[in-house]
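Visitor: Have a look at this one.
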Amino acid sequence: MSDTVKLSTAEPRSVGDGFVHSRAFEWLSRGGFVARGFVYAIIGVLALRFAIGDGGKLVNQQGAFHAVARQPLGPLLLGLLAVGLGAYALWRLVRAVIGHGPEGADRAADRVTALASGLVYAGLCFVAVRVLVGIGETTSPDRATGGILGWPAGPWIVGGVGLVFLAVALYQGYRGLTKNFLEDAKTEHMGPRTRAWIGWIGLVGYLARMVVFGLVGLFLIRAAVGFDPNEAVGLDGALAKLAQQSYGPVLLGVVAAGLIAFAVYSWSDARYRRI
């Protein structure tokens, strides 16, 4: 009887492991890195054009999806982008459940990070599908924050989310400055120049994400402390805050270039990341 139970529970796991180690899962995952890169590239290019006065604008991920939808073959491109983001979310969620390596020997923090990332990109996939089928605008950060502030303990919730964004920002900075993201890559397949190049674009890209996530977190905390939902900003709002500072166009241009660098790094991940 016990042997039968063991066989019945082991069989689904072996099927799951077979899928995770299949070529189909690998290609889906690598396609997800390509999609992630395109999202950051669109946001970064539009922000850079805005910084130099070339007609760009500041957008968040949803704005990037709308920009894609307006292009020739836009619905097709947006559909591929949604599939890619969904694939990336699936890869991260699977890694959160089973870990990485032959025995899934990831640290608990790695699994929590993978879970959070998977949920975020699943949400982005959902937003991309909404734009594709023509459903109306999603709730803006200030409106969402305003609703939460009205809840019991609402300011604490908003402030807690802000602290999470700050923690994510610090982690992005750590990843960039230590270049430990290279530990996730097949560096043995890289030449010295390729390794150095990917190290630099990853450094710049992670630091740019640190700035953006840090600003989002700071303004969420300000919204919670001041009980003012108008203080809450998303990615586009964080870029706008940079543009309003002294030497704003320069600061915005640097961060925009960093987001483009992160897009290029994502595309290198599509080639070299250990899946």
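Visitor: Every residue in the stretch 145-156 that is farther than 16 Å from Leu215 by Cα and crowded, with 16+ Cβ neighbours inside 10 Å, please.
Guide: To start, the set of residues in the stretch 145-156 that are farther than 16 Å from Leu215 by Cα comprises 146-156.
Those that are farther than 16 Å from Leu215 by Cα and crowded, with 16+ Cβ neighbours inside 10 Å: Gly146, Ile148, Leu149, Gly154, Pro155.
Visitor: Filter the stretch 110-167 down to residues that are polar (S, T, N, Q) and at pLDDT below 85 and give me whichever is farthest from Leu80 (Cα to Cα). Can you show your working first?
Guide: Going through the stretch 110-167, the residues polar (S, T, N, Q) turn out to be 113, 117, 138-140, 145.
Subsequent filtering for residues that are at pLDDT below 85 retains 138-140, 145.
Details: Thr138: 21, Thr139: 24, Ser140: 25, Thr145: 31 Å.
Within the stretch 110-167, the match that is farthest from Leu80 (Cα to Cα) is Thr145.
Visitor: Which pairs have Cβ atoms under 8 Å, sit 6 or more apart or on different chains, and link a residue in the stretch 251-274 that is of a type in the set (Ser, Thr, Tyr) to one that is open to solvent by 20 Å² or more (accessible area, probe 1.4 Å)?
Guide: Tyr265/Ile201; Ser266/Val34; Ser268/Ile201; Tyr272/Lys186; Tyr272/Thr187; Tyr272/His189; Tyr272/Met190
Visitor: Residues Arg70, Arg107, Arg23, Arg95: which one is out of contact with any helix residue (DSSP H, G or I) (no Cβ under 9 Å at 6 or more places or on another chain), modelled with pLDDT of 85 or more and more than 28 Å from Ala257 (Cα to Cα)? Talk me through it step by step, then tell me what you get.
Guide: Numbers: Arg70 fails: more than 28 Å from Ala257 (Cα to Cα); Arg107 fails: modelled with pLDDT of 85 or more; Arg95 fails: out of contact with any helix residue (DSSP H, G or I) (no Cβ under 9 Å at 6 or more places or on another chain).
The conditions single out Arg23.
Visitor: Right, here's the next one. Of the numbered conditions (1) at pLDDT 90 or above; (2) assigned to a helix (DSSP H, G or I), Gly53 satisfies every one except a single condition; which is it?
Guide: Against the list (1) at pLDDT 90 or above; (2) assigned to a helix (DSSP H, G or I), Gly53 comes up short only on (2).
Visitor: While we're here: For Ala64, indicate whether it is open to solvent by 10 Å² or more (accessible area, probe 1.4 Å) and assigned to a helix (DSSP H, G or I). Lay out the reasoning, then the answer.
Guide: Numbers: open to solvent by 10 Å² or more (accessible area, probe 1.4 Å): no; assigned to a helix (DSSP H, G or I): yes.
For Ala64, the condition - open to solvent by 10 Å² or more (accessible area, probe 1.4 Å) and assigned to a helix (DSSP H, G or I) - is not met.
Visitor: Would you confirm, using the coordinates I've provided, whether Arg13 is farther than 20 Å from Tyr247 by Cα and either part of a helix (DSSP H, G or I) or at pLDDT 95 or above (or both)? If you could, list the steps in order and put the result at the bottom.
Guide: On the way: farther than 20 Å from Tyr247 by Cα: yes; either part of a helix (DSSP H, G or I) or at pLDDT 95 or above (or both): yes.
Answer is yes for this residue.
Visitor: Out of the stretch 201-249, which residues are touching a residue at least 24 places away in the same chain (Cβ under 8 Å) and more than 29 Å from Gly146 (Cα to Cα)?
Guide: Selection gives Ile201, Gly202, Leu203, Val204, Gly205, Tyr206, Leu207, Pro249.
Visitor: What is the one condition in (1) open to solvent by 50 Å² or more (accessible area, probe 1.4 Å); (2) among the small types (Gly, Ala, Ser); (3) part of a helix (DSSP H, G or I) that Gly258 does not satisfy?
Guide: Here Gly258 meets the rest and fails (1).
Visitor: Go over the candidates Arg195, Arg222, Arg175 one by one and state the one that is assigned to a helix (DSSP H, G or I) and within 27 Å of Ser140 (Cβ to Cβ). It would help to see each step written out before you state the result.
Guide: Values: Arg195 fails: within 27 Å of Ser140 (Cβ to Cβ); Arg175 fails: within 27 Å of Ser140 (Cβ to Cβ).
Of Arg195, Arg222, Arg175, the one residue that is assigned to a helix (DSSP H, G or I) and within 27 Å of Ser140 (Cβ to Cβ) is Arg222.
Visitor: Same structure again: What about Gly18, is it over 26 Å from the mean Cα position of the chain (by Cα) and at pLDDT 55 or above? Break it down into steps so the answer makes sense when it comes.
Guide: Numbers: over 26 Å from the mean Cα position of the chain (by Cα): yes; at pLDDT 55 or above: yes.
So Gly18 passes the test.
Visitor: Take the residues in the stretch 166-182 that are open to solvent by 70 Å² or more (accessible area, probe 1.4 Å) and touching a residue at least 24 places away in the same chain (Cβ under 8 Å); name whichever of them is nearest to the chain's Cα centre (by Cα).
Guide: Here is the first cut: in the stretch 166-182, the residues open to solvent by 70 Å² or more (accessible area, probe 1.4 Å) are 170-171, 174, 177-178.
Now restrict to residues that are touching a residue at least 24 places away in the same chain (Cβ under 8 Å): 170-171, 177.
Details: Leu170: 15, Tyr171: 13, Leu177: 18 Å.
Ranking the candidates gives Tyr171 first.
Visitor: Are any residues in the stretch 19-57 open to solvent by 50 Å² or more (accessible area, probe 1.4 Å) and among the small types (Gly, Ala, Ser), and if so, which ones?
Guide: Narrowing the stretch 19-57 to residues open to solvent by 50 Å² or more (accessible area, probe 1.4 Å): 19, 21, 23-24, 27-28, 34, 38, 45, 48-50, 52-55, 57.
Answer for the stretch 19-57, where residues must be open to solvent by 50 Å² or more (accessible area, probe 1.4 Å) and among the small types (Gly, Ala, Ser): Ala24, Gly53, Gly55.
Visitor: Something else: Restricting to the stretch 183-223, name every residue that is open to solvent by less than 40 Å² (accessible area, probe 1.4 Å), over 19 Å from Leu170 (Cα atoms) and either basic (Lys, Arg) or under 19 Å from the mean Cα position of the chain (by Cα) (or both).
Guide: Passing the criteria: Ala185, Ile198.
Visitor: Could I ask something else about it? Condition test on Ser268, is it surrounded by fewer than 23 Cβ atoms within 10 Å (Cβ to Cβ) and not in a helix (DSSP H, G or I)?
Guide: On the way: surrounded by fewer than 23 Cβ atoms within 10 Å (Cβ to Cβ): yes; not in a helix (DSSP H, G or I): no.
Criteria not met by Ser268.
The values are calculated or read from the model by the stated rules, or taken from the named source; none is laboratory data. Predicted model only: the values in this text are computed from it and were never measured. Note that each Cβ is placed from the backbone with ideal geometry, even for glycine, and that neighbours are counted across all protein chains shown. Accessible surface areas use protein heavy atoms only, side chains included; no ligands, DNA or RNA. Shrake-Rupley method; radii C 1.70, N 1.55, O 1.52, S 1.80 Å.
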